[in-house]
Number of protein chains: 2
Amino acid sequence: MPIYAAPVKDMQFLLHDVLKVTEAGIPGYADLDRDFTNAVLDEAGKVASDVLAPLNPIGDREGCRLENGVVRTPSGFGHAFEVMKRGGWTALDCDPDYGGQGLPYLMGTAVGEIFVSANMAFNMYQGLTHGAYSAIHAHGSAEQKATYLPKLVACDWTGTMNLTEPHCGTDLGLMRTKAEPQADGSYRITGQKIFISAGEHDMAANIVHLVLAKAPGGGEGTKGISLFIVPKFLVNPDGSLGARNSLSCGKVEEKMGIHGNSTCVMNYDGATGYLLGDLHKGMRAMFTMMNEARLGVGLQGYAVAEAAYQNAAAYARDRLQGRAVTGSENPAGPADPLIVHPDIRRNLMDQKSFVEGARALTFWGASLIDRSVRSGDAEAEGLVSLMIPVIKGFQTDKGFEMAVAAQQVFGGHGYIEEWGMSQFARDARIAMIYEGANGVQALDLVGRKLAQDGGRHVLAFFEMVKTFCKENEGDARLKTGFLDPLKAASKDLQAAGVYFMQTGMKAPNAALAGSYDFMHMMGHVCLGLMWARMAKAAYAGLDAGATDRDFLEAKIATGRYYMARHLPATAMHLARIETGAEPVMALAAEAF
Amino acid sequence: MPIYAAPVKDMQFLLHDVLKVTEAGIPGYADLDRDFTNAVLDEAGKVASDVLAPLNPIGDREGCRLENGVVRTPSGFGHAFEVMKRGGWTALDCDPDYGGQGLPYLMGTAVGEIFVSANMAFNMYQGLTHGAYSAIHAHGSAEQKATYLPKLVACDWTGTMNLTEPHCGTDLGLMRTKAEPQADGSYRITGQKIFISAGEHDMAANIVHLVLAKAPGGGEGTKGISLFIVPKFLVNPDGSLGARNSLSCGKVEEKMGIHGNSTCVMNYDGATGYLLGDLHKGMRAMFTMMNEARLGVGLQGYAVAEAAYQNAAAYARDRLQGRAVTGSENPAGPADPLIVHPDIRRNLMDQKSFVEGARALTFWGASLIDRSVRSGDAEAEGLVSLMIPVIKGFQTDKGFEMAVAAQQVFGGHGYIEEWGMSQFARDARIAMIYEGANGVQALDLVGRKLAQDGGRHVLAFFEMVKTFCKENEGDARLKTGFLDPLKAASKDLQAAGVYFMQTGMKAPNAALAGSYDFMHMMGHVCLGLMWARMAKAAYAGLDAGATDRDFLEAKIATGRYYMARHLPATAMHLARIETGAEPVMALAAEAF
């Protein structure tokens, strides 16, 4: 069975040596001292290793079954959900007014990584609930908040998000689900929604569905869309559960992975719904949660890769196969461990350097969200909006790639379900698709975010890279290994931006044809910046006589690897981008 | 259900316009005229579309079950196997002396692609049988040939290859399976083999296991290994089946994909075996089949991607979602088809340009094998040996990547098993692992093949690229779009070769750390050469007034895409290679 141990040391390094949270000046951050965060992460790690990780292969094997309208979750999921609730893990970064612990989103993110690594499918029940909590918290009436938030914070009730329909995913303007206003102020919701994660299950007394639907008078396309609260059981004025609502799970999908999550077809047959937020402003209400939702998926990308990596590294140290070409490193044994072989190393270093870089970027992104929400900092909000498609798109692409790479270390055993490596790859695959397929992330980045607020945020990002390089180029240790490659990669990225500006206005396809490459390019530059920052922090620790020298030296070596072996990708992406739209669009549709 | 139509037109273009088979001067090729090859491929396409493709999802869903020692294959597999036998498809490129049709290996390859695209797991039963046929044909005694070959050619009996054991995959020197000589000249075989494809099933009267085992006196490591014929039922002198041999299937593995193939743990409990070839030369006997076996797996890489691509292209034309940014292309409909979006195009062009390039490389490789075997051409043999790790490693990596890309076109539907796209990705994954994991292919390429025969073959390859460029640079249409990028990529590849030569002798890890990048780099150069050749043939066709102008123009546009958007990868790989071993090997094993 796969192993998992929470990377608490690496998280502590990020929080305290890189992000320096207690000095960050963000409300709530001053309390995040080393001992406190260590205790939280350590405790989360225990739940993850002892309770969640052992259920991961069980959830994969058993999946979810629809029986007489109720979805049965895999053995042990119900118990684990109770453990999570009792431990207060579902309330960590929620509003204390509704029973939450009020910790920063950053801490929710760190703990979330640990739970996702241990059991991605299981963690989705809570993840979706958190999304519903955020939506009602942001847009609900006082009564709606009082009715739903305490239950959602405690995960006594869980939540869902209902967007997709059979004929429309990305293009929500095609939506057919209807909301008809009733005399009592409620709405009758009718339609079919698909791919509804946690749409029906047996772990909560009620399920609070948030449903996008078209109410009369809103006009064509996405303009007419509103957001509704549609609970599985109606809620009586005293908070007790009333009648069963007219909605049902029509099917549980058979998927490539995340079998432990119940992915439902939901049928709304004149179900009672309550408008959440303003009429015909449903898309805007969804968008306010988008940064957190997409950061959460970007986190899944590297969190699953982390779990896969831990197993690949352990296997590479244990499995004896072949001899080191430079002379045996295990002469008394029948063969050397796999890890002596350079190509196995290359594979493991790819994984390690990606995961640690992505963790840094994600934590930084979470701290920007805190800065934006808790301090009302518009620059932080703009910057993180720019980063979100990169965090989501780049990290889920690479996360899947790295889970596949980890599987490769096991040879044939990687392909056998018994070893668990296939599950990591299969689970990680969905993160590239949901919450906006990665092509849509690239479109969002190039088509919207680059130009947002007059391009101010992307310029601020370039400025940040430049300033960091300038401030640190006196340190020769940083210059060659980190700053020079970062500057070169950033220059490529800027050249791509210039190309888009020059061609995109008259020929938008020229920019869009390069959007995916740009997203990856920017991912490398972001991870490069994170590695440069981490290296700086690690050198500072070494200079200050830190005791964990092995950790800090490994951090620097891992960063040097990423800079040397991954940043050269930006030149390739730039070359691809500069070929423009013509090669991409040359064929007639029938020629495919 | 996924669709599939054999790409007969593209295959005909390769056979007749690019490879010009009837003029190739290879024994047996003169008969391969257009009408004949068209008839064969067309008929294979019918069997593939009508019989094999519909069974592909059934095989995936049902898998294989071990019941009382017998493995039950999925519904319909038995019938389909009979169709294949009756149609003579199992005997296509086998020796007429044993019932084969004697067609060139190239034709077996083309037909093989069609069957693999339609149903990879099903085709493995025959594929393994063909491997056993080849081994016995090359190394068997007259009596062994007479006993086994007619049955294997007809697929009345099927074959297997038994190499891997629980503790050894790549490092066969650790093998424990023993062969004890008996008084009658036979051997008693004892041991456990794992990952045995088609190891036990219900579609053939007998199964001929080829088993690697250690016989006394051979010395340590791989030197002591011999190859044995170990039939499931012993064969009486009159050819009828005798006693059941002491071997059994202990388990059918649960795998990520190729569920229709029965992947067995095989237990040999003092089973009767017969030496095949020379004592203690088992590894050499296996190696003689390696080129064909690895080319066959490289073929699986792009063949599954082809099937996935056909479905992605069809979906992109049908699914209405969003509007073209340059103005609607379906104004009467509720939305435009996906294929109007540049990033969907990019994705489809990646797939199309890879698959067609890989098909060309594979067909060329198969023709080199024919030239080597049928004409005894040592240069062709050397050249194809050099290409084999590229065909296997690069094509299976990219084939999987492209199957995943095809899945992405479907959005959420790509993740749902019902649509069949997940199966393509899961099936394609194994090709990166078996028949030598791709890291081992890279090692074979850089550690063995580059230096083979004093480096003659790699120099011949570079010379071939150079000559082609020189001969065609007068054609301006070829020069910019094809020859210039090919020359640049080839220059990068040569620079990597020089780096290996200069550093590899004193520091072998410096070469090995870059081996995987070199394999991919060479893959791009090979596909670049193929595209340049195809473009030349397409222009020649257009100049000669060919009637299928749309096909030829699409061919050229697809090639230009590959050259413009994929050949720039070589510079990145070179940059990675030139960082050497240091970043790769910097960490202590415990630091992972």
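Take the residues in the range B:493-520 that are touching a residue at least 60 places away in the same chain (Cβ under 8 Å) and within 20 Å of B:Leu361 (Cα to Cα); name whichever of them is farthest from the other protein chains (Cβ to nearest Cβ). Taking the candidates together, the pick is B:Leu493. Do we have B:Ala358 as part of a helix (DSSP H, G or I), in contact with a Gly (Cβ under 9 Å, 6 or more places away or on another chain) and either open to solvent by less than 10 Å² (accessible area, probe 1.4 Å) or assigned by TED's automatic domain parsing to the domain that holds B:Phe462 (or both) here? Criteria met by B:Ala358.
Confirm whether A:Glu582 is within 12 Å of chain B (Cβ to nearest Cβ), touching an Asp or Glu at 6+ places or on another chain (Cβ under 9 Å), open to solvent by 10 Å² or more (accessible area, probe 1.4 Å) and of a type outside the set (Gly, Ala, Ser). When the stated conditions are applied, A:Glu582 does not pass them. Going by the structure shown, is B:His167 modelled with pLDDT of 95 or more and open to solvent by 10 Å² or more (accessible area, probe 1.4 Å)? When the stated conditions are applied, B:His167 does not pass them. I'd like to check something: does the range A:524-532 contain any residue that is more than 24 Å from the chain's Cα centre (by Cα), in contact (Cβ under 8 Å) with a residue 24 or more places away in the chain and part of a helix (DSSP H, G or I)? Within the range A:524-532, none of the residues are more than 24 Å from the chain's Cα centre (by Cα), in contact (Cβ under 8 Å) with a residue 24 or more places away in the chain and part of a helix (DSSP H, G or I). Just one residue in the set B:His280, B:His259 is part of a loop (DSSP other than H, G, I, E, B), within 12 Å of chain A (Cβ to nearest Cβ) and open to solvent by 10 Å² or more (accessible area, probe 1.4 Å); that residue is B:His259. Filtered by the rule that a residue be more than 30 Å from A:Ser422 (Cα to Cα), of a type in the set (Gly, Ala, Ser) and assigned to a helix (DSSP H, G or I), the range A:370-401 gives A:Ser372, A:Ser375, A:Ala378, A:Ala380, A:Gly382, A:Ser385. Being open to solvent by 50 Å² or more (accessible area, probe 1.4 Å), modelled with pLDDT under 95 and either within 14 Å of another protein chain (Cβ to nearest Cβ) or not in a loop (DSSP other than H, G, I, E, B) (or both) is a description that does not apply to A:Lys151. Each residue in the range B:420-436 was checked for being more than 30 Å from B:Met283 (Cβ to Cβ) and more than 10 Å from chain A (Cβ to nearest Cβ), and 2 pass. Scanning the range B:241-256 for residues that are under 26 Å from the mean Cα position of the chain (by Cα), among the aliphatic types (A, V, I, L, M) and open to solvent by less than 20 Å² (accessible area, probe 1.4 Å) returns a single hit, B:Met256. If the condition is being free of Cβ contacts under 8 Å to residues at least 24 places away in the same chain and within 16 Å of B:Ala293 (Cβ to Cβ), then the range B:370-387 contributes B:Ser372, B:Glu381. Scanning the range A:212-253 for residues that are part of a loop (DSSP other than H, G, I, E, B) and within 18 Å of A:Val70 (Cβ to Cβ) yields A:Lys232, A:Asn245, A:Ser246, A:Glu253.
Just so you know, in the range A:154-185 the residues that are more than 20 Å from A:Asn291 (Cα to Cα) and among the aliphatic types (A, V, I, L, M) include one that is farthest from the other protein chains (Cβ to nearest Cβ), and it is A:Ala183. B:Gly88: outside the structural domain of B:Phe424 (by TED's automatic domain parsing) and either open to solvent by 30 Å² or more (accessible area, probe 1.4 Å) or more than 21 Å from B:Met11 (Cβ to Cβ) (or both), yes or no? No: the conditions fail for B:Gly88. Go through the residues of the range B:1-8 one by one and say whether even a single one is of a type in the set (Val, Ile, Thr) and either open to solvent by 60 Å² or more (accessible area, probe 1.4 Å) or within 30 Å of B:Cys249 (Cα to Cα) (or both). Yes, the range B:1-8 contains a residue that is of a type in the set (Val, Ile, Thr) and either open to solvent by 60 Å² or more (accessible area, probe 1.4 Å) or within 30 Å of B:Cys249 (Cα to Cα) (or both). For the range A:405-521, the helices (runs of 4 or more DSSP H) that sit wholly inside it and include 1 or more residues that are open to solvent by 20 Å² or more (accessible area, probe 1.4 Å) and not β-branched (Val, Ile, Thr) are A:438-443, A:452-472, A:484-504, A:508-512. The residues in the range B:64-77 that are in contact with an Asp or Glu (Cβ under 9 Å, 6 or more places away or on another chain), on the phi < 0 side of the Ramachandran plot and open to solvent by 30 Å² or more (accessible area, probe 1.4 Å) can be counted, and the count is 4.
Screening the candidates A:Met402, A:Met387 for the property of being under 29 Å from B:Thr164 (Cα atoms) and surrounded by 24 or more Cβ atoms within 10 Å (Cβ to Cβ) yields one hit, A:Met402. Looking only at residues of the range A:333-343 that are touching a Gly at 6+ places or on another chain (Cβ under 7 Å) and either touching a residue at least 24 places away in the same chain (Cβ under 8 Å) or open to solvent by 10 Å² or more (accessible area, probe 1.4 Å) (or both), we find that the one that is farthest from the other protein chains (Cβ to nearest Cβ) is A:His341. Of all residue pairs spaced 6 or more apart or on separate chains, none has beta-carbon atoms under 8 Å together with a first member in the range B:553-564 that is assigned by TED's automatic domain parsing to the domain that holds B:Lys352 and under 19 Å from B:Met521 (Cβ atoms) and a second member that is modelled with pLDDT of 95 or more and open to solvent by less than 10 Å² (accessible area, probe 1.4 Å).
Residues that are more than 13 Å from every other protein chain (Cβ to nearest Cβ) and within 27 Å of A:Tyr516 (Cβ to Cβ) within the range B:376-397 comprise B:Val390, B:Phe394, B:Gln395, listed in sequence order. On inspection, A:Leu459 passes the criterion of being at pLDDT 95 or above, aliphatic (A, V, I, L, M) and out of contact with any Ser or Thr (no Cβ under 8 Å at 6 or more places or on another chain).
Against the test of being at pLDDT 95 or above and within 16 Å of the chain's Cα centre (by Cα), the options B:Ser367, B:Ser353, B:Ser372 yield a single qualifying residue, B:Ser367.
The values are calculated or read from the model by the stated rules, or taken from the named source; none is laboratory data. It should be emphasised that the depicted structure is a prediction, and the values quoted were computed from it without experimental measurement. Quick reminder, even Gly has a Cβ in these numbers, built from the backbone with ideal geometry, and neighbours come from all protein chains shown. What goes into the accessible areas is simple: the full protein's heavy atoms, side chains included, and nothing from ligands, DNA or RNA. Shrake-Rupley method; radii C 1.70, N 1.55, O 1.52, S 1.80 Å.
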